[in-house]
Amino acid sequence: MARHDTLAAVDLGSNSFHLQIGRVVGGQIYPLDSVREVVRLGAGLTSDKRIDRATQAGALNALAKFSERLRGFPRQAVRVVGTNALRVAKNSAQFLREARSVLGFPIEVISGREEARLIYLGVAHSMPAASHKRLVIDVGGGSTEFIIGTGLEPQLTESLYMGCVSYSLNFFPEGRIDKARMKAAEVAARQELSGIVRTYRAAGWEEAVGSSGTARSIENILRENGFAEEGITRNGLEKLRSLLLKAEKADPDRVPGLRPNRAPVLPGGLAILSAALEELGIDKLRVSEGALRHGVLYDLLGRVEHRDMREVTVAQFMRRYHIDTGQAERVRNLSLTIYDALVPGADREDDADRLMLDWAARLAETGLSIAHAQYHKHSAYVLSSADMPGFSRMEQARLARIVLAHRGKLSKLSKVEEGGGLEGTDWKLVFALRTASLILRRRADDRLPFLRVAADAGGFAIDLPQSWLDENPLSADALESEVSQWKAVGMKLEIGALSDKKVSVLKQVR
């Protein structure tokens, strides 16, 4: 990936949308500009988990503003991520299509644990370097992330389905606050926390840190009211709780330090944070300026400087699932050779499709450690379901579909297409991976045959030496069977045989 001096991150949160732009100097990112739009995507979720049109319109309007600021940015210098509201919304695919059109950049919906990893990365880079363990708590609009890590490395990551927007809507309708509602919200949060408390307490930490809007807002209120000099304390939260109960609502006129746009989601955020400090035995939280968007920037910096977390994950999966590295490398090299012949003149370094094929080739045999029969289906299941740090949910789904398609009947993909399906360029990746896997079926370092490939709107063509086809009848028969497989999905595959004389001429031309 090419180097870029200026990077941008967009965080499509359940409460607010954030745009952060930074300049890269000496491996560090220095802020240049930031834009925040309160959208409350989570509040726009209907009872059947669909984002209503009014909320969508507001979100698209915010993205149009971001688009103006991002005009002229290369695609590789911008990363856009969506969080909980887009994870749970049933119509997120439809909204994302419109959102991408307005913003002008692809949008990745990330898993809760990937969100936690990126939050930790943002917090760690915003604070002084330390060798001790830190616990980071990030109360977002639709989810709350808990991370324990050391230095820049997270060790425990969890994302719980509770956030300041959802809890404020569910437990404090119309903003009304009383003891019963506050207790119900806190009990619900403690129940969510019950599944992680023992593990986190056993891991331990020396410093607890709060991040994002809820933590910064509450810290400001505590300081303005004299409830805490710095950070967030359990005692300060109790005093804020009493103040809100007395006021019966989060009223900026009666709660010094409370911003009007934060008022509707304050009670839910307070209940979650109070429960977290109580259950985890925390007396004080230090508040960090770092957040998800900063972590996205640093993760993007790693990609452009060839320190891509996705590469680390692929290597870890190859070890974990005992993948035959020799065969994986053979398939990878031939797949990429075929792809490069199909897409001549492309910028190899910034080609996201080529990178996807690279990963698919190396991870195609993940499922062999589970069972040989139908192993490609096991591979696809693992790649779509496992936690894969660095990968978005869409990247995992696409990777799984390509791996699923690299073996067996192509007609099975018609069932997958309802859930997203193969993109136009994916067929080239599938063709390259299927062909390479077939030719390298002997799993040996044999001398590869000369081959010529081509693609058009209707399908593919492959030419191989007649002498090779004669010497490898099993492979020749398998290639002939491929014709019917591609026909089943409405595409053609033409297999041609080249004479030795023709091969010699073609090699000279090359």
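Rule-based calculations on the coordinates, nothing more; no lab input. Here the structure is a predicted model, which means the values were calculated and not measured. No Cβ is skipped: glycine too gets one built from the backbone with ideal geometry, and neighbour counts run over all protein chains shown.
Per-residue ellipticity at 222 nm from helix content only, as computed over the chain with -39500 (n - 2.57) for each DSSP H run of at least four residues, stands at -15000 deg cm²/dmol. Computed packing ranks the peptides 265-278, 234-247 as 265-278, 234-247, most packed first, by mean other Cβ atoms within 10 Å. Phi-derived couplings, Karplus 6.51 cos²θ - 1.76 cosθ + 1.60 at θ = phi - 60°, listed residue by residue for the range 290-298: x, 7, 3, 4, 6, x, 4, 4, 5 Hz, with x used for Gly and Pro. For the chain, the antiparallel share of DSSP beta bridges with both residues in that region comes to about 65%.
When both the range 74-115 and the range 292-348 are represented by their alpha-carbon centers, they are found 22 Å apart.
Using R0 = 35 Å, the C-beta based FRET efficiency linking Lys49 and Thr150 works out to 0.40. Near Leu498, the amide H atoms lying under 5 Å from its own belong to Leu464, Gln466; only residues 5 or more places off or on other chains count, and H is placed 1.01 Å from N. Note on the chain: with charges restricted to the Cβ of Lys and Arg (+1) and Asp and Glu (-1), its dipole about the Cα centre is near 540 debye. The modelled label-to-label distance for the pair Ala57/Asp500, using points 7 Å beyond Cα in the direction of Cβ, is 7.5 nm. Sparse packing (at most 14 other Cβ atoms within 10 Å of the Cβ) combined with a DSSP loop state is found for the following chymotrypsin sites (Phe, Trp or Tyr not before Pro) in the range 157-219: Tyr161. If I model a spin label as a point 7 Å beyond the Cα along the Cα-Cβ vector, how far apart are those points for Val483 and Arg69 in nm? Spacing of the two 7 Å Cα→Cβ label points: 5.8 nm.
The packing ranking of peptides 331-337, 6-12, highest mean first, is 6-12, 331-337, where packing means the average number of other beta carbon atoms within 10 angstrom of each residue. Multiplying the residue separation of Ser194 and Ala454 by 0.36 nm and subtracting their alpha-carbon distance yields 87.9 nm. Pairs from the table (Lys49/Lys179; Lys90/Lys377; Lys409/Lys507) lying more than 32 angstrom apart at Cα are Lys409/Lys507.
Taking a straight Cα-Cα cut-off under 19 Å and skipping sequence neighbours fewer than 8 places away in the same chain, the aspartates and glutamates within cross-link reach of Lys487 are Glu417, Glu423, Asp426, Asp456, Asp463, Asp477.
For Phe460, the residues whose modelled amide H falls within less than 5 Å of its own, excluding neighbours fewer than 5 places apart on the same chain, are Lys492, Leu493, Glu494. For Val80, the residues 5 or more places off, or on other chains, whose built amide H falls under 5 Å of its own are Val10, Glu108. The 3J(HN,Hα) values that the Karplus relation (6.51, -1.76, 1.60; θ = phi - 60°) gives for the range 144-150 are, in residue order, 10, 9, 10, 9, 10, x, 10 Hz. Gly and Pro appear as x. Label positions at Arg254 and Ala444, each projected 7 Å from the Cα along the C-beta direction, are separated by 8.4 nm. Here the gap between Val102 and Ala130, fully extended at 0.36 nm per residue and compared with their Cα-Cα distance, gives a gain of 6.0 nm.
Note on Thr337 and Val35: with the Förster distance fixed at 51 Å, the Cβ-Cβ geometry gives a FRET efficiency of about 0.70. Of Lys183/Lys239; Lys239/Lys284; Lys183/Lys284; Lys133/Lys239, which sit over 18 Å apart, Cα to Cα? Too far apart for the 18 Å limit: Lys183/Lys284; Lys133/Lys239.
Phi angles of the range 300-312 translate, via the Karplus equation with coefficients 6.51, -1.76, 1.60 and θ = phi - 60°, into HN-Hα couplings of 5, 4, x, 5, 6, 9, 6, 10, 7, 4, 5, 5, 4 Hz per residue; Gly and Pro are given as x. Working ranking of peptides 490-502, 146-158 by packing, defined as the average number of other Cβ atoms within 10 Å per residue, highest first, is 146-158, 490-502.
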